[in-house]
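The values are calculated or read from the model by the stated rules, or taken from the named source; none is laboratory data. Here the structure is a predicted model, which means the values were calculated and not measured. Note that each Cβ is placed from the backbone with ideal geometry, even for glycine, and that neighbours are counted across all protein chains shown.
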Amino acid sequence: MLLPIYLYGSPVLRKKVEDISPDYPDFKQFMVDMWETMYHADGIGLAAPQIGKSVRVFVIDAEVLAEDYPEAKGFKKAFINAQIVEEEGDEWAYNEGCLSVPKINENVYRPYRVHLKYVDEDFIPHDEWFEGIRARVVQHEYDHLEGKMFVDKLPPIRRQLLKSKLTKISKGEVPTSYRTRS
Ligand code: NI
C-alpha cells in the first residue's frame, strides 16, 4: 500500500524512534509498504518516520546512482535497528535531496565511511562498513531515525535563504508527484 510521505515541519520527523521486533504488527506488510512508497516517489531511500512510524527502519535502493557512482551498483538493502558504530574519513560534499523536503537540493558534508550494526528483513545481524555514495545514503537515512534532516546541516546563512521555501513545504504548498502529509 502506498503511504503518504510526511513533509518537513511534521513533528513525527523529529521524534525519537524505537527498535522494532519481529512481532511488530504486520511487519512483512510494513516492509512492503516502505519499498512500494519509496519506489513510487522515485526515492533512493526512505526512513520509517517519513511515513509517520517512529521505528528504527530504513530502506535503500541506490541503483539509479550507479552511472555516476559505481559503488552504488546493486546497493539495495533494508536496515532494521541500525546503530552507527563509528564514522571516519574526510568529509566530502554531496548534493542531497529528501522526499520530505521536495525541490530542495543542497551540498552536505559528511564523513566518507560509516560503520553500522543492523539486522535485515529476516532479523539476521550484520556488522558492516559502507563507503562513498553507499555511506552517504546510509548517513542521510540514519539521520531521520535521530530526528535530523539534511537541511539542519547547512550553514546558517544557507538555511536562512531557504527559510521561505521550507515554510512553503511545511504547509504542503510545494507540488509533488507523490502523496504527502504535513
Ligand atoms: Ni530524507
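Quick rundown of the values:
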| quantity | calculated |
| --- | --- |
| Checking P111 against (1) over 24 Å from M1 (Cβ atoms); (2) part of a loop (DSSP other than H, G, I, E, B), the condition it does not meet | (2) |
| Scope region 142-179; condition touching a helix residue (DSSP H, G or I) at 6+ places or on another chain (Cβ under 9 Å), within 14 Å of the ligand (Cβ to nearest atom) and among the charged types (D, E, K, R); matching residues | D143, K148, D152, K153 |
| Members of region 78-100 that are within 16 Å of the ligand (Cβ to nearest atom), farther than 16 Å from L145 by Cα and either in contact (Cβ under 8 Å) with a residue 24 or more places away in the chain or surrounded by 13 or more Cβ atoms within 10 Å (Cβ to Cβ) (or both) | Y94, E96, G97 |
| Selection from region 16-29 of residues that are under 24 Å from R179 (Cα atoms), touching a residue at least 24 places away in the same chain (Cβ under 8 Å) and surrounded by 14 or more Cβ atoms within 10 Å (Cβ to Cβ) | V17 |
| Among residues of region 121-161, those that are part of a loop (DSSP other than H, G, I, E, B) and among the β-branched types (V, I, T), counted | 1 |
| Counted residues, region 18-28 - those being of a type outside the set (V, I, T), in a loop (DSSP other than H, G, I, E, B) and closer than 18 Å to Y118 by Cβ | 4 |
| Where a residue in region 102-113 is within 15 Å of L161 (Cα to Cα) and its partner, wherever it lies, is buried (at least 20 other Cβ atoms within 10 Å of the Cβ) and of a type in the set (D, E), with Cβ under 8 Å and at least six apart | N105/E96; E106/E96; N107/E96 |
| Some residue of region 121-139 being within 16 Å of the ligand (Cβ to nearest atom), modelled with pLDDT of 95 or more and within 19 Å of I20 (Cα to Cα) | yes |
